[in-house]
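Data first, discussion second: the structure below is written as structure tokens.
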Amino acid sequence: MDFAYVSGDPALDLAGTVVSRRDMPLDGLATPSDLERWVAGCDGLPARVTADPATFESALSLREAAYRLALDRVLGRPFGPGSLKIVNDMAAGPAPSVRLSDAGLRMSGDLAAVLSHIARSAVVLLADPDARLKECGRAVCTRIYLDRSRGARRTWCGMDECGNRVKAAAYRARRRASSAGRAAHGSGA
Ligand SMILES: [Zn+2]
């Protein structure tokens, strides 16, 4: 699976490594090396970390807890205590170090520190009453994203990931309907 970094927050992007959560979950993080690849591709995170099996398991548990808390926010219900504990415990861990240069921010640290950073990001995001969290409008996707658009008009997690696919499917359906209409008309004549 190609990773999508479209959710506007690393914790939501991590949660989005599983898509189609309600129907047929597709997990992009099958092995520790998938996680290393995900971290390397995520803006602002270190370019290289090593994932051992234990830290990989922690990452998956953070991912699921962050997803459930984000879903709690989307549905306007209280946070689940089990997920809160996982995210809060991980947010209390040592943070990665950051360095500023003309090239921007450079973060360094091991995977445990990166997970701690992601957990903090989830805490800050989910504590913000003004953060507009939405589930993608393509029902099968189930990604949750932060809508920063003016007027909160965004409907999809990403155009490439979902928006264009929905539009293309609608176009094909219209074309099928109109050619079926023509066929029905033709056979009756
Ligand atoms: Zn989507």
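The values are calculated or read from the model by the stated rules, or taken from the named source; none is laboratory data. Everything quoted here is computed from the prediction, not taken from an experiment. Neighbour counts are summed over all protein chains in view; Cβ atoms, including those assigned to glycine, are modelled from backbone coordinates with ideal geometry.
Before moving on, here are some points about what is shown:
- Complete set of residues in segment 1-28 that are part of a loop (DSSP other than H, G, I, E, B), under 8 Å from the mean Cα position of the chain (by Cα) and more than 17 Å from Arg154 (Cβ to Cβ): Thr17
- Flag if Val39 is part of a helix (DSSP H, G or I), in contact (Cβ under 8 Å) with a residue 60 or more places away in the chain and in contact with a helix residue (DSSP H, G or I) (Cβ under 7 Å, 6 or more places away or on another chain): yes
- Residue pairs whose Cβ atoms lie under 7 Å apart, sitting 6 or more positions apart in sequence or on different chains, and linking a residue in segment 46-59 that is basic (Lys, Arg) to a partner that is at pLDDT 95 or above and part of a helix (DSSP H, G or I), are Arg48/Ala40.
- Residue in segment 34-49 that is under 13 Å from the mean Cα position of the chain (by Cα), aliphatic (A, V, I, L, M) and either over 30 Å from Leu100 (Cβ atoms) or surrounded by fewer than 17 Cβ atoms within 10 Å (Cβ to Cβ) (or both) present: no
- Of everything listed in (1) out of contact with any Asp or Glu (no Cβ under 8 Å at 6 or more places or on another chain); (2) over 30 Å from Pro32 (Cα atoms), the single unmet condition for Arg106 is (2).
- Selection within segment 151-184 - within 16 Å of the ligand (Cβ to nearest atom) and loosely packed, with under 10 Cβ neighbours inside 10 Å: Arg153
- Pairs, first within 15 Å of Ala4 (Cβ to Cβ) and of a type in the set (Phe, Trp, Tyr) in segment 151-169, second part of a helix (DSSP H, G or I) and modelled with pLDDT of 90 or more, C-beta under 6 Å, six or more apart: Trp156/Cys162; Trp156/Gly163
- Here the condition is being hydrophobic (A, V, I, L, M, F, W, C) and more than 15 Å from Leu71 (Cβ to Cβ); of Leu100, Leu84, it holds for Leu100 alone.
- Among the residues examined, Arg21 qualifies as out of contact with any Leu (no Cβ under 6 Å at 6 or more places or on another chain) and within 16 Å of the ligand (Cβ to nearest atom).
- Sub-7 Å Cβ pairs linking a first residue in segment 125-145 that is in contact (Cβ under 8 Å) with a residue 40 or more places away in the chain and over 14 Å from Gly16 (Cα atoms) to a second residue that is in a loop (DSSP other than H, G, I, E, B) and more than 10 Å from the ligand (Cβ to nearest atom), at least 6 apart or interchain, are Leu125/Asp9; Leu125/Ala131, ordered by first then second residue.
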